[in-house]
Amino acid sequence: MMEKTKFYSYKTGCLAKGCQMCVKGQKLVLFVTGICSRNCYYCPLSEQKKNKDVVYANEWKISSDKDIIKEAELCSAKGAGITGGDPLLKTERTAKYIKMLKKRFGKNFHIHLYAVPETINNNNLKKLYDAGLDEIRFHPDIENSKFWNRIELAKKFKWKTGIEIPAIPEKLKETEKLIDYIISLKPKIDFININELEVSDTNASHLVELGFIPKDSVSYGVLGSEKVAFALLKKYGKKTSMHYCTAKLKDKVQLANRIKRRAKNAKKIFDIVTKSGSLIRGVIYLNELKPDFGYHKRIQNLDTKKKKRILNKLNLFAKTFAKEFSIPKEMFYTDDLKLRILTNVGVARHFADYIKKSKFVPAVVEEYPTWDQMELRVDFL
């Protein structure tokens, strides 16, 4: 019987372990490449990731293996979900990351991975299994059965195996054909996940052209997707463990819980942490590098020498500021990513006139504790 969960989703049977950990925000999202063997019309990947061979640990575009470990530590991660693109197009890299995470955090650090049947074979599956992968989830093409039988290769290994597919409006019959095949496999697949089809910045125009529209003004979920998911749960729920994962779950539960976990480790001594995990802090900007249209792009386009000069200027001002008013130096932090000074809200407010006279810009900012520190609100003083 279909059961509503406490995190805005629906299930029959038991959730996969990877899902149990995801809803608690315990999983590091490790994006190993944006290259993929498929070109799904509903792919939600951003322009920064799609078809690009880049690696991200959550929101952090990593430049070294140490960055992955650091992000896992900042999030107090107890596991990782490896995704792409197609991780099997970079099997050696993926296996290396699995081994690295297991070595650093122990064998109980649970790792699941998303793959497409088109690129799996005995060789790359064995590499992933030997590296320590705990759970593998396949994303078959609903409308093309050519590679479905390759999923059976995964059952040779002692890991949990599942299917994860979107609930596409007007594709109920095609999805049923796939699930009929999946549940007929021996030994059985351990679980089936059905995701609510979502609109993103990159797929929105194409989905609208195909007749898919958001179900309401505040949701990324596509109208009609939930209807398909409920029909599948009703028909197959007694035959296998199924989970309908909604867009609301991903945003209000999975991401929100991960942000709260990161906030505990990423906050500075002067930051105020809200109930939702965002940080409220005082910020001192350079006049030419304060938040406005194109702010982030201007920072990205700066060369190394220019950044170094800016950081030297910020460090000097923070040192002078602290000394002049006998403020502990721990109350100032030079942010080398966004080229600004972080401080206590009270310091920014109380000394706003001094900061402006020194040709800097004081503000109170609320932002996520993620690596990219996305601003939610900026109040200039």
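The values are calculated or read from the model by the stated rules, or taken from the named source; none is laboratory data. Being a predicted model, the structure only gives us computed values, none of them experimental. All Cβ positions, even for glycine, are placed from backbone atoms using ideal geometry, and neighbour counts span all protein chains on display. Areas reflect the complete protein model, heavy atoms only, side chains present, ligands, DNA and RNA absent. Shrake-Rupley method; radii C 1.70, N 1.55, O 1.52, S 1.80 Å.
HIS206 to LYS329: extension gain in nm, 0.36 nm per residue of separation minus the Cα-Cα distance?
39.1 nm
Where does segment 263-311 land on the Kirkwood hydrodynamic radius, alpha-carbon pairs, in angstrom?
Across segment 263-311, the inverse of the average 1/r is 13.1 Å.
Would you indicate which of (1) 1.11; (2) 1.04; (3) 1.45 is the value of Cα Rg over 2.2 N^0.38 Å derived from the coordinates of this structure?
Read-out taken from this structure: (1).
Given charges of +1 on the Cβ of Lys and Arg and -1 on the Cβ of Asp and Glu, with all other atoms neutral, how large is the dipole of the chain about its Cα centre, in debye to the nearest 20?
Computed about the Cα centre, the dipole is about 1340 debye.
Could you pull out the chymotrypsin sites (Phe, Trp or Tyr not before Pro) across segment 64-120 that fall in loop regions by DSSP (anything but H, G, I, E, B) with no more than 11 other Cβ atoms inside 10 Å?
none
Any idea how far the Cα center of segment 118-164 sits from the one of segment 251-285, in Å?
Taking the Cα centre of each part, segment 118-164 and segment 251-285 sit 37 Å apart.
When only C-alpha pairs under 8 Å and at least 6 residues apart count, what is the relative contact order of segment 55-163, in percent?
23 percent
Is there a pair in LYS306/LYS357; LYS188/LYS227; LYS96/LYS126; LYS227/LYS248 whose C-alpha atoms are over 19 Å apart, and which pairs would that be? All intermediate terms of the calculation are to be shown ahead of the outcome.
Numbers: LYS306/LYS357 23 Å; LYS188/LYS227 26 Å; LYS96/LYS126 13 Å; LYS227/LYS248 16 Å.
From the list (LYS306/LYS357; LYS188/LYS227; LYS96/LYS126; LYS227/LYS248), the Cα-Cα distance tops 19 Å for LYS306/LYS357; LYS188/LYS227.
DSSP loop (so not H, G, I, E, B), at most 10 other Cβ within 10 Å: list which trypsin sites (Lys or Arg not before Pro) in segment 1-89 pass both filters.
Here the trypsin sites (Lys or Arg not before Pro) that fit, given the DSSP loop and packing criteria, are LYS6.
Please compute the per residue accessible area over segment 206-333 with all protein chains in place, 1.4 Å probe, rounded to a whole number of Å².
61 Å²
Pick out, in residue order, every one of the trypsin sites (Lys or Arg not before Pro) in segment 312-381 that is DSSP loop and has at most 13 other C-beta atoms within 10 Å; say none if there are none. Can you show the working numbers first?
Values: sites: LYS313, LYS319, LYS323, LYS329, LYS338, ARG340, ARG349, LYS356, LYS357, LYS359, ARG377; in loops: LYS338, LYS359.
Within segment 312-381, the qualifying trypsin sites (Lys or Arg not before Pro) (loop, at most 13 other Cβ atoms within 10 Å) are LYS359.
Output needed: percent of Cα pairs per 10 Å distance bin for segment 61-211, bins running from 0 to the one holding the longest distance.
Taking all Cα pairs of segment 61-211, the binned fractions are 10, 36, 32, 19, 3 percent.
Of ARG261, ARG93, ARG137, which is the most mobile in a GNM of the chain whose springs link Cα atoms less than 10 angstrom apart?
Answer for the Gaussian network model of the chain: ARG93.
Among the listed pairs LYS61/LYS260; LYS61/LYS146; LYS158/LYS268; LYS103/LYS238; LYS4/LYS260, which are separated by more than 32 Å between their Cα atoms?
The answer is LYS61/LYS146; LYS158/LYS268; LYS103/LYS238.
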